[in-house]
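Worksheet for the structure shown next.
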Amino acid sequence: MPLNKKIKTLKQLISIVNKLKKQNKKIVTTNGVFDILHLGHVKYLEKAKKLGDFLIVGVNTDSSVRQNKGHKRPVNGEKSRIGVLAGIESVDYVFLFNEKDPRSWLSKIKPNLHVKAGDYKLNQVIEKNNVENNNGKVVIVKMEKGFSTTGLINRILNLYKNQ
């Protein structure tokens, strides 16, 4: 599927999801910043995709990233971040959301499963009740050790600090 066919608006996705659910397809969602994509992200998305038929990734807009992570992030702009995610085989659809967290759009998409990375504990997932109230389930997927965007940024800074 061409990259631009994977990038959707929330409104478009709601329509797509409704059609897929009528075909008894299992919808999996996840969300995040996906600022500097690394192997940990790719493996995480592959694991999420294996849990269902279609994987939808909600990506924080630049303004919501700054709200969550401070003024120095994101490193890559939102158009770049969703473009890269659209190029990953396991991702079926990707879209931007401007809220601080995914609860609003999750109540509209109503996924069968919402996946979070293994650095979360189930009781820390703020969208858990929202997902479960719409007959979905939150799943925690184990993360690959040694991969994090913050760690990667710090490594780059250290390598180039005295040049």
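The values are calculated or read from the model by the stated rules, or taken from the named source; none is laboratory data. It should be emphasised that the depicted structure is a prediction, and the values quoted were computed from it without experimental measurement. No Cβ is skipped: glycine too gets one built from the backbone with ideal geometry, and neighbour counts run over all protein chains shown. Ligands, DNA and RNA are excluded from the accessible area calculation, which covers all protein heavy atoms including side chains. Shrake-Rupley method; radii C 1.70, N 1.55, O 1.52, S 1.80 Å.
Numbers at a glance
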| quantity | calculated |
| --- | --- |
| Neighbourhood charge, 14 Å Cβ-Cβ cut-off, centred on Lys49 and excluding it, Lys, Arg +1 and Asp, Glu -1 | +2 |
| The chain: relative contact order as a whole-number percent, Cα under 8 Å and 6+ apart | 27 percent |
| Cα long-axis angle, helix 149-160 against the chain (0 to 90 degrees, to the nearest 10) | 20 degrees |
| CD proxy at 222 nm, helix term only [per DSSP H run n ≥ 4: -39500 (n - 2.57); per residue of the chain; nearest 500] | -12000 deg cm²/dmol |
| Ordering of 60-70, 105-115, 119-129 by burial proxy (mean other Cβ atoms within 10 Å per residue, highest first) | 105-115, 60-70, 119-129 |
| Listed residue pairs exceeding 23 Å between alpha carbons, taken from Lys69/Lys110; Lys47/Lys69; Lys21/Lys47 | Lys69/Lys110; Lys47/Lys69 |
| Helix 10-22 axis, angle to the chain major axis (alpha carbon atoms, nearest 10°) | 50 degrees |
| Violating pairs (Cα-Cα greater than 25 angstrom) within the set Lys5/Lys145; Lys11/Lys121; Lys11/Lys142; Lys22/Lys50 | Lys5/Lys145; Lys11/Lys121; Lys11/Lys142 |
| Euclidean distance between Cα centres, segment 122-163 to segment 48-67, Å | 12 Å |
| Heavy-atom accessible area per residue - the chain, 1.4 Å, Å² | 58 Å² |
| Rounded to 10°, Cα long-axis angle of helix 39-49 versus longest principal axis of the chain | 0 degrees |
